[in-house]
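Derivation of every value follows stated rules applied to the coordinates shown; laboratory data play no part. Not measured: the values here are computed from a predicted model. When we count neighbours, we look across all protein chains shown, and the Cβ atoms used for this are built from the backbone with ideal geometry, even at glycine.
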Amino acid sequence: MTSLGEGMDKELIRDYELDIIVKAWRDEPFRLQLLKDPKKAIEKEFDIKVPNDMKISVHEENENSLHLIVPSVPSNFTADELSDKELKDIIGGVMATGHLALFPQSEERARIRLLQRENEQLQKMVAKLQKDLLDLENQVVKS
């Protein structure tokens, strides 16, 4: 059995998360054991030793329930300079991967915002040109 070590970073167990879900969808006895005793089910199925100090909670959603997980704020992270959209993108990445992905520093974020604004302006210009072209085509057809 592979030991993950006491006090291991919980991100390592997240590497198994999709495998655990796939197994639970395909194997009813495993799903039931996972709901009853997550550590034991995971250790047995994936041949790993989950540290004693790690709590694993498994909740099953259905049509009438929704479980929201609020990730903890990493100790080396500040959100002060980020817009709500940027923060949502980062939180979405954390939730999807379980990892705080590298994100641009403040100067890079300013450059990204500038490029996003330029991109929006270009998209508006393209839309106007497409409309103008359509109008010209309609005029040609009428004449």
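The packing ranking of peptides 61-71, 13-23, highest mean first, is 13-23, 61-71, where packing means the average number of other beta carbon atoms within 10 angstrom of each residue.
Placing a pseudo-label 7 Å from each Cα along the Cα-to-Cβ vector at LYS36 and SER65 gives an inter-label distance of 1.7 nm. Using r as the Cβ-Cβ distance of VAL141 and ARG117, and R0 as 41 Å, what FRET efficiency do you calculate, to the nearest 0.05? It comes to 0.65. Amide H to amide H distances under 5 Å link ILE48 with THR2, where only residues 5 or more positions off or on other chains count and H is placed in the peptide plane.
Legend: ranking of residues VAL126, VAL141, VAL58 from fewest to most surrounding C-beta atoms inside 10 Å; resulting order VAL141, VAL126, VAL58.
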